Amino acid sequence: MIKRKFDFFVIGGGSGGVRAARVAASRGIKVGLAEGWDLGGTCVNRGCVPKKLYSYSSHFSDEFNLMSTFGWKSFKPKFSWNKLVVNKKKEIKRLNEIYKGLLKNSGVEIFNDFASFEDQYTVKVGKNLIQSKLFLIAVGTKPRKLPFSAQKKIITSDDAFDLKKLPKKILILGGGYIAVEFASIFNGLGVDVTMCIRGRKILKGFDDDVIEHLSIQMKERGIKFITSSFPNEINFENRKFNVHFKGKKNLKYDLVMEALGREPNINSLKLNLAKVKRSKNDSIIVDNYFKTSNKNIYAIGDVIDRVQLTPVAIAEAMHIVNNIFNKSKKSFKYSNIPTAVFSNPNFACIGLTEWEARKKFKKIDVFTSHFKPLKYSLSKLTDKVYIKLIVNSVDDKIIGLHYLGENAAEIIQGFAVAVVKGLKKSDLDDTIGIHPTSAEEIVTMKDKN
Ligand code: NDP
């Protein structure tokens, strides 16, 4: 065993871990980082980045449909899944190298192996026995799987990006971010998609009206829904998945994908040897300053199960490094985090849902707008933009903004800055729109619900 000593040792080379390691090292601190897989974590390798690339790819089917309405002679485009996979791999490899370069250039020593605690001051990484004054756990999560007979054949988002070929007919279990995004991707690429959710609605926790509008548009694009029902068994026979529903029919699919939430990626960490406590769902328990039950060990990102979003992990990383190395004690604020679902159409929001706002505030005003965007006006496409703006009537502040339609994430990202800084409805009224755009509706909304 090779013995090594560090001031700050990061376990996990995803978005949060890499950011914390880089920033700490750039302050002249001796930093090491262990990552057994490729650098970049879920987001770069098996999440946000490849998902967005595939999402772009799937949107082309709409563009092809629209072309002829704008005078272009239509042709029959041919899609190559293999080409997309190969190009995606190239891009991810490039990003892996960029992450490596960023770490090395800021002075972080990288260990390409998984870490496990020996005791509360020591981790083993390959042939290295590493002691550090402080540890940061940023190991993220992995897909949750249910114990169906065909478990090994059922894919998750980890596998979906590298399928050998596209299935003809897929069943997606779950109705969260991943399920909805992949349903749209597969649908856009011509796959017959069915989503199956145990409840009545997809995207629980988001604004009910927006989700209703999104579901309608997903259905209009051909995505089927099985709601308030869930398989009790799935087996694989004669190259087909047989999906059994309690007291109901059995259905057959070429492929089944589980997107049922994620669980902490902690199996090999031996956290008990470091006296790090976990919650019921195995996520690592931290205080307001990301300190675990062991005062020398911190944790951030998806593994603490607060808000499982890459930009949040990065912000937590910046926060923790500032707190530790400036010896300050600021707690992290989780309010007003903008988010997007890269469904087709896209959906993005910041702030409260109408239901949350009615519970929290005495009096609110709700403005909505529902219209066919100019881009689709020449075509038979039925897509509509839906916008909901929620205002606290007492101080006129925007407490929720929800946008369903093309480029939703890009639009909400801009407005998010203003909402975080206390944007008022009167500020929107004072702003002149850019015509003709879809987003101009946000500054011209007059009709209260
Ligand atoms: P989510 O938590 O978003 O959704 C999980 C889904 O699985 C829900 O529909 C849930 O149903 C269902 N489910 C959970 N357990 C069971 C069960 N035992 N039986 C039946 N249904 C079940 O998880 P995802 O996996 O989609 O995504 C994980 C996280 O990754 C997200 O929370 C998000 O933070 C992040 N993410 C963000 C993205 C983005 O920013 N665009 C993209 C992808 C992921 P129910 O609603 O009834 O609980």
Quiz prompt | Under Karplus coefficients 6.51, -1.76 and 1.60, residue-wise ³J(HN,Hα) of region 99-109 in Hz, glycine/proline x | solution = 4, 4, x, 4, 5, 4, 5, 8, x, 7, 8
Practice problem: Compute the semi-axes of the equivalent ellipsoid of region 226-295, taking the square root of 5 times each eigenvalue of the Cα gyration tensor, and list them largest first in whole Å. | Solution: 40, 14, 10
Quiz item: How would GLU118, GLU91, GLU35 line up by accessible area, probe 1.4 Å, largest first?
Solution: GLU118, GLU91, GLU35
Quiz item: PHE111's amide H: which non-local residues (gap 5+, or another chain) put their own amide H closer than 5 Å, with H modeled 1.01 Å from N in plane and none for Pro or chain starts?
Solution: LEU33, ALA34, GLU35
Self-check item: Paramagnetic reach from ASP447 (point 7 Å along Cα→Cβ, amide N under 18 Å) across region 332-369
Solution: 365-369
Quiz item: Counting Lys and Arg as +1 and Asp and Glu as -1, what is the net charge of the other residues whose Cβ lies under 14 Å from the Cβ of ASN294?
Solution: +4
Quiz item: Over the alpha carbons of region 147-195, what is the largest minus smallest coordinate on each principal axis, giving the biggest first in Å?
Solution: 29, 25, 17
Exercise. Could you grab the Rg to Rh ratio for the chain? Cα atoms only, Kirkwood for Rh.
Key: 0.99
Exercise. Take region 300-367, compute every pairwise Cα distance, and split them into 5 Å bins from 0; I just need the percent in each bin.
Key: 3, 13, 17, 18, 17, 13, 10, 6, 2, 0
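Per residue, how big is the convex hull of region 18-128 when only Cα atoms are used? Give it in Å³.
Hull volume normalised by residue count: 136 Å³.
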Exercise. For LYS168, list the lysines whose Cα falls under 21 Å from its own Cα; do not include residues on the same chain fewer than 8 positions away.
Key: LYS51, LYS76, LYS78, LYS83, LYS152, LYS153, LYS219, LYS224, LYS240, LYS249, LYS252
Quiz item: Got a sec to turn the phi values of region 256-273 into Karplus ³J(HN,Hα) couplings, 6.51 cos²θ - 1.76 cosθ + 1.60 with θ = phi - 60°, whole Hz, x for Gly and Pro?
Solution: 10, 10, 9, 9, 10, x, 10, 10, x, 8, 10, 3, 8, 7, 6, 4, 4, 5
Quiz item: Applying the Karplus parametrisation 6.51 cos²θ - 1.76 cosθ + 1.60 with θ = phi - 60° to the phi angles of region 111-121, what ³J(HN,Hα) value in whole Hz is obtained for each residue in order, glycine and proline being reported as x?
Solution: 10, 8, 7, 7, 9, 9, 6, 9, 7, 6, 10
Exercise. For GLU410 and SER331, calculate 0.36 nm times their separation in residues minus their Cα-Cα distance, and state this gained length in nm to one decimal.
Key: 25.6 nm
Exercise. At 1.4 Å probe size, with no ligands or nucleic acids counted, give the accessible surface of LYS330 in Å², nearest ten.
Key: 130 Å²
Quiz item: According to a simple spin-label model (label point 7 Å from Cα along Cα-to-Cβ), what is the distance in nm between ASN322 and PHE70?
Solution: 4.2 nm
Quiz item: Considering only protein heavy atoms and a 1.4 Å probe, what is the carbon-and-sulfur percentage of the accessible area of region 4-96?
Solution: 57 percent
Practice problem: Multiply the residue separation of ASP395 and SER228 by 0.36 nm, subtract the distance between their alpha-carbon atoms, and state the gained length in nm to one decimal. | Solution: 56.1 nm
Quiz prompt | Extension gain (nm, one decimal) between THR382 and ASN105, 0.36 nm per residue minus Cα-Cα | solution = 94.7 nm
Quiz prompt | Rounded to the nearest 10 Å², the accessible area of ILE337 at probe 1.4 Å | solution = 50 Å²
Exercise. Could you tell me what fraction of 2.2 N^0.38 Å the Cα radius of gyration of region 91-228 comes to, as a two-decimal ratio?
Key: 1.46
Self-check item: Cα-based helix-to-principal-axis angle, 408-420 vs the chain, degrees rounded to 10
Solution: 70 degrees
Quiz prompt | Value at 222 nm in deg cm²/dmol, rounded to 500, when DSSP H runs of n ≥ 4 in the chain each add -39,500 (n - 2.57) | solution = -9500 deg cm²/dmol
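The values are calculated or read from the model by the stated rules, or taken from the named source; none is laboratory data. Small disclaimer: the values here were computed from a predicted structure and weren't measured. Using ideal geometry, Cβ is built from the backbone for each residue, glycine included, and neighbour counts are taken over all protein chains shown. The area values use the complete protein model at the heavy-atom level, side chains included, leaving out ligands, DNA and RNA. Shrake-Rupley method; radii C 1.70, N 1.55, O 1.52, S 1.80 Å.
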